[in-house]
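J.: Can you keep this structure in mind? I'll have questions shortly.
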Amino acid sequence: MVRIAAIHYLNTIPFIYGLEAKMAPGAVAMQFCTPSESAAMLREDRADVGIMPVGAVPELADPHIISDWCIGATGKVASVVLCSGRPIEEVEEIQLDVDSRTSVLLTRYLCREKWGIAPRFVPFDSTRQSIDPTACQLLIGDKALLHAPEFPYVYDLAEEWISLKGLPFVFAAWTANKPLDPQFIETFNQALEYGIRHIPEAVAKYNHQFPGDYACQYLQENISFALDREKRAGLTEFWRVALEKLTPREWV
């Protein structure tokens, strides 16, 4: 049985639907978690494969991106946003969502290379701290979709990256921490594709916090699931600029 770290956000619902519909009984065991927990589970070998934040993939001793499907964006992603009570040029402190290393690295990079600011970076845990529309907070996943409208200024990080680099962005990729059987990988990818082809059914099946039409529109228009050549180029560039030029452990 292959242990899967599966993130419990709206944008992973098609993947979960496909895996539950198409994987043989007993072939996988899914454990639901946040993006940061998924990364930790793979690092600590508590899972074999997960939809892992790409900023954490290089931390694995033996990483293998096993799928041509991902959580990516070719335009506005809506669920990874920097929300602020004032214009970004006036921000002195940014509270960084602890749930995803990728979004933290991207925020730090955009601050330096696009916005030309050097704010203080502090961690933000929404399970212990409140959403504050007067502050500047990096929000990801469902909390971003729910709370971004409360802020006067919202910066979509995928849009900001694309305007700067002219490349799409990959937030998370299906990654294994060891070689897996090729037959399993083929079946796994077929299941993921099945879920992506059946987004309305996936939205209808699972409990979430959003109207069905809104959820379908978000998954079909904001999330780009194919890990194609352009997204791989964007991912390579992100690894180059975010992991070589920044010191991401500095604030942790």
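Read the figures in this text as sums done on the coordinates, not as results from a lab. In this text, all values refer to a predicted model and were calculated from it rather than measured experimentally. FYI the Cβ positions are ideal-geometry reconstructions off the backbone, even for glycines, and counts take in every protein chain you see.
J.: For a quick check: with amide H placed at 1.01 Å from N, whose amide H comes under 5 Å from Ala6's, ignoring anything fewer than 5 positions away on the same chain?
T.: Gln31, Phe32, Cys33
J.: Straight-line reach from Lys143: which aspartates and glutamates have Cα under 19 Å away, leaving out those fewer than 8 places along the same chain?
T.: Qualifying aspartates and glutamates at Cα under 19 Å: Glu37, Asp97, Asp99, Asp125, Asp132, Asp156, Glu159, Asp213, Glu221.
J.: Taking just the alpha-carbon atoms of region 2-122, what radius of gyration and Dmax come out, in angstrom?
T.: Over region 2-122's Cα set, Rg and Dmax evaluate to 16.7, 54 Å.
J.: With runs of 4+ DSSP H residues as the only contributors, calculate the mean residue ellipticity of the chain at 222 nm using -39,500 (n - 2.57) per run, divided by the residue total and rounded to the nearest 500. Display every interim value, and only then the final one.
T.: Details: 9 runs with 83 residues, N = 252.
Mean residue ellipticity, 222 nm, calculated: -9500 deg cm²/dmol.
J.: Among DSSP beta bridges whose residues both lie in the chain, state the antiparallel percentage, nearest 5. Numbers along the way, then the final one.
T.: Working: 22 of 36 bridges.
Among the beta bridges of the chain, antiparallel pairing accounts for roughly 60 percent.
J.: Calculate, in nm to one decimal, what Asp213 and Arg46 gain on full extension: separation in residues at 0.36 nm each, minus their alpha carbon distance. Could the numbers behind the result be given before it?
T.: Details: separation 167, 0.36 × 167 = 60.12 nm, distance 3.59 nm.
Difference between extended and current length: 56.5 nm.
J.: Say we join alpha carbon atoms closer than 10 Å with springs in a Gaussian network model of the chain; which of Asn11, Asn207, Asn177 then has the biggest fluctuation?
T.: Result for the chain, Cα springs under 10 Å: Asn207 fluctuates most.
J.: Long-range amide H contacts for Val91: which residues qualify at under 5 Å (H placed 1.01 Å from N, peptide plane, sequence gap of 5 or more or a different chain)?
T.: Here nothing satisfies the definition.
J.: So which trypsin sites (Lys or Arg not before Pro) in region 122-173 pass both tests, a DSSP loop state and at most 16 other Cβ atoms within 10 Å of the Cβ? Provide the component values of the computation, followed by the final result.
T.: Details: sites: Arg128, Lys143, Lys165; in loops: Arg128.
Answer in residue order: Arg128.
J.: Ser126's amide H: which non-local residues (gap 5+, or another chain) put their own amide H closer than 5 Å, with H modeled 1.01 Å from N in plane and none for Pro or chain starts?
T.: Long-range HN contacts for Ser126: Val98.
J.: Given Val91, Ala27, Asn11, which one lies farthest toward the positive end of the charge dipole of region 9-103, if we put +1 on the Cβ of every Lys and Arg and -1 on the Cβ of every Asp and Glu?
T.: The Cα lying farthest towards the positive end belongs to Ala27.
J.: How far apart, in nanometres, would the label points at Arg3 and Lys114 be if each is projected 7 angstrom from Cα along the Cα-to-Cβ direction?
T.: Going by the 7 Å Cα→Cβ label model, 3.7 nm.
J.: If you don't mind, there's one more thing I want to ask. Quick one: longest stretch of the chain between exposed loop GluC sites (Glu not before Pro), exposed meaning at most 16 other C-beta atoms within 10 Å and loop per DSSP? List each step's numbers first, then the result.
T.: Numbers: sites that count: Glu44, Glu92.
Longest run free of exposed loop sites: 93-252.
J.: Turning to a different aspect of this structure: Within region 1-55, report the chymotrypsin sites (Phe, Trp or Tyr not before Pro) that DSSP leaves as loop and that have at most 13 other Cβ atoms within 10 Å. If you can, show how the numbers build up before the last one.
T.: Numbers: sites: Tyr9, Phe15, Tyr17, Phe32; in loops: Tyr9.
Sites meeting the loop and neighbour criteria: none at all.
J.: Let me ask another. Kirkwood Rh over Cα pairs of the chain into Stokes-Einstein at 10 °C, 1.306 mPa s: D in µm²/s?
T.: On the way: Rh = 18.3 Å.
For the chosen part, D equals 87 µm²/s.
J.: Pop out the Kirkwood hydrodynamic radius of region 1-57 from its pairwise C-alpha distances, inverse of mean 1/r, in Å to one decimal. All intermediate terms of the calculation are to be shown ahead of the outcome.
T.: Numbers: mean 1/r = 0.0876 Å⁻¹.
For region 1-57, inverting the mean 1/r across all distinct Cα pairs yields 11.4 Å.
J.: Using a simple charge model, +1 on the beta-carbon of Lys and Arg, -1 on the beta-carbon of Asp and Glu, nothing else, what dipole does the chain show about its Cα centre, in debye to the nearest 20? Don't skip to the answer; put the middle values down first.
T.: Working: 23 positive and 33 negative charges, 57 e Å.
Dipole of the chain, to the nearest 20 debye: 280 debye.
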